[in-house]
Amino acid sequence: MQVIPSIDLEKGRSRVVYWPGAASGIGAPTDRPDRIAEQFVRSGAPVIHLVDFDGARAGQPANLEAVAQVAARIAIPIQLAGGMEGPENIRLAFAAGATRVVLAMSVVEDPALLRECLSVAGDWLAVGLDPRPDRLAAFPWRRSVAPPLETLVGELGQLGVHRLVLSHGGSVPDLGLIGRIVRSVDADVFVAGGVSDLDGIRRLQEANVAAIIVGEPLLSGAIDLPAALQAAA
C-alpha cells in the first residue's frame, strides 16, 4: 500500500504549514508547496497529492502556477484534485505538470462529461467519493433518492473508471465498507483522510486498499512519513 502525502493549495500556498519538528523547535516551517513536496520526496513519497481549494470553489484550476513549481522540483507523479471536472481543466492540469487528476463526486450525475474527461486522462483519472452516509444523503442528487456507495462504485466501473478515492475528512474509515468495495471492483481504491496514527495505516493496509492519502498528520509531524511507509509495507 502506498502512503501519499497531501498538500492543500490556497492562493499558491499550503493551507497547513509544514513543520514536523514544531513540538521540539527543530527545523524551519514553510508554507511553500514546492519545498514541502521536495521534503516528502526525500523521505520516500511515491506520489504527491495536491488539492486546489480555490479551484474546487471556482470549478476550474486556480493554482496551476503552484502545481508547476512543485513539478519543477520533483520527479514523481503529481495527483491534482479540485476544479478538475472538465476535459479542458484536465488538459491545463497536465500542462502544468500534474500526471493524475481526481474528479469530484458530482461527475457521477453527468456520464457524458465523465466520458469526455476519461478521453483525456484515461487510467490517470480518479473519482472522489464521500462514503459517509450523512454526506451521501445531503448531496444534491438529481435522482429521487440518495444512492448507496456500492451503487455509485458500480456505475463508475461501468463507465470505465479504474481509480477511486474514498474521502473521509476527519471521520474514521469504515473498514468493513472499504473491504467490500475493494473486493467488488476492478479498480485501485485510495482512502483519503481519517487516519491520525500508524495503527490506522496498518488497519487500512490489512483492508488491501491501494493507497492512503495523508495530509495534516504528515505536515505537522504527528505521523512520520518513513515510519508510515514502513507500516504500510
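The values are calculated or read from the model by the stated rules, or taken from the named source; none is laboratory data. Because the structure is predicted, anything quoted here is derived from the model rather than measured. FYI the Cβ positions are ideal-geometry reconstructions off the backbone, even for glycines, and counts take in every protein chain you see.
So the values come out like this:
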| item | result |
| --- | --- |
| Test for Val161: is it surrounded by 15 or more Cβ atoms within 10 Å (Cβ to Cβ), part of a loop (DSSP other than H, G, I, E, B) and at pLDDT 95 or above | yes |
| Subset of segment 112-143 (residues that are over 16 Å from Arg100 (Cβ atoms), part of a helix (DSSP H, G or I) and of a type in the set (Asp, Glu)) | Glu116, Asp134 |
| Residues (under 23 Å from Leu80 (Cα atoms) and either among the aliphatic types (A, V, I, L, M) or over 17 Å from the mean Cα position of the chain (by Cα) (or both)) located in segment 156-175 | Leu156, Gly157, Leu159, Gly160, Val161, Leu164, Val165, Leu166 |
| Residue in segment 93-100 that is farther than 27 Å from Ile74 by Cβ, at pLDDT 90 or above and among the aliphatic types (A, V, I, L, M) present | no |
| Verdict on Ile178 being over 19 Å from Ala81 (Cα atoms) and either part of a helix (DSSP H, G or I) or in contact with a Gly (Cβ under 6 Å, 6 or more places away or on another chain) (or both) | yes |
| Residue in segment 209-231 that is under 18 Å from Val51 (Cα atoms), in a helix (DSSP H, G or I) and small (Gly, Ala, Ser) present | yes |
| Unique residue being within 17 Å of Asp52 (Cβ to Cβ), among the acidic types (Asp, Glu) and assigned to a helix (DSSP H, G or I) when the list is Glu150, Glu88 | Glu88 |
| Among the candidates Val3, Val70, residue that is under 18 Å from Phe190 (Cα atoms), not small (Gly, Ala, Ser) and not in a loop (DSSP other than H, G, I, E, B) | Val3 |
| Subset of segment 211-232 (residues that are touching a residue at least 24 places away in the same chain (Cβ under 8 Å), farther than 18 Å from Gly27 by Cβ and exposed (fewer than 15 other Cβ atoms within 10 Å of the Cβ)) | none |
| Segment 117-134, subset surrounded by 17 or more Cβ atoms within 10 Å (Cβ to Cβ) and modelled with pLDDT under 90, residue nearest to the chain's Cα centre (by Cα) | Pro131 |
| Hits in segment 1-37 - residues which are hydroxyl-bearing (Ser, Thr, Tyr) and within 20 Å of Ala72 (Cβ to Cβ) | Ser6, Ser14, Tyr18, Thr30 |
| Filtered residues of segment 168-204 (kept if among the acidic types (Asp, Glu) and either within 16 Å of Pro133 (Cα to Cα) or crowded, with 21+ Cβ neighbours inside 10 Å (or both)) | Asp174 |
| Subset of segment 75-99 (residues that are in contact (Cβ under 8 Å) with a residue 60 or more places away in the chain and within 11 Å of Leu125 (Cα to Cα)) | Gln79, Ala81 |
| Segment 44-58: number of residues that are crowded, with 17+ Cβ neighbours inside 10 Å and assigned to a loop (DSSP other than H, G, I, E, B) | 2 |
| Members of segment 181-206 found to be assigned to a loop (DSSP other than H, G, I, E, B) and touching a strand residue (DSSP E or B) at 6+ places or on another chain (Cβ under 8 Å), listed by number | Val185, Ala187, Gly193, Val195 |
| Positions within segment 100-114 being free of Cβ contacts under 8 Å to residues at least 40 places away in the same chain and either in contact with a strand residue (DSSP E or B) (Cβ under 8 Å, 6 or more places away or on another chain) or crowded, with 22+ Cβ neighbours inside 10 Å (or both), in sequence order | Val101, Leu103, Val107 |
